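Below: the structure, in structure tokens.
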Amino acid sequence: MTAPGQPYPGGPGPQSSNSSGCLKWGLIGGGVLLVLALLAVGLLAVVGPSILEAIDNERIADLADYDLTTEHCGLDETGTATANGSLTNTSGKAQGFKLMVRFIDGNGTLIGGTSAFVDKLDQGQKGTWSAIYIGRDPAAGVRCDIEVRYSIID
């Protein structure tokens, strides 16, 4: 027979309070994760619209919003594909532009591409641009395919 309050021989030992400690840490960790999630949602709510606007602003520019002149597209004296020209802003507002310049060889094969930027121009203002691609040697000359986009970098 055992004395009152003493464990039965071979039975379970005294109860540990470690499970309540784990529960406390679990609740604290869950609370911290909840606070971080709420902060992330709040930040997205504040910053998200400007990110979406920036993505939308880099869409293909309307032909009526610019006048593009290509003064040179070809190979320089070293055989490097180069292009340059000017762009006039006709959009009715201050706007920057990004030019996606693709160099295509005489066989119609894409040699490579690069970007050129025209910083923010006021309505009617003209800016210059230049592009260079150092890479694969072209076969039989070069022509340029230029896509004009609105720039998020003003």
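All of the numbers you see were taken from the coordinates with simple rules; none came from a lab. Since this is a predicted model, take the numbers as computed values, not measurements. Note that we place each Cβ from the backbone using ideal geometry, even for glycine, and neighbour counts take in every protein chain shown.
The set of residues in region 99-154 being among the aromatic types (Phe, Trp, Tyr) and touching a Cys at 6+ places or on another chain (Cβ under 7 Å) consists of Phe103 alone. The residues of region 90-138 that are loosely packed, with under 15 Cβ neighbours inside 10 Å, hydroxyl-bearing (Ser, Thr, Tyr) and part of a strand (DSSP E or B), listed by number, are Ser115, Thr128, Ser130. Within region 63-89, the set of residues being assigned to a strand (DSSP E or B) and polar (S, T, N, Q) comprises Thr69, Thr70, Thr82, Asn84, Ser86, Thr88, Asn89. When region 139-154 is filtered for residues that are of a type in the set (Gly, Ala, Ser) and loosely packed, with under 15 Cβ neighbours inside 10 Å, the ones remaining, listed by number, are Ala139, Ala140, Gly141.
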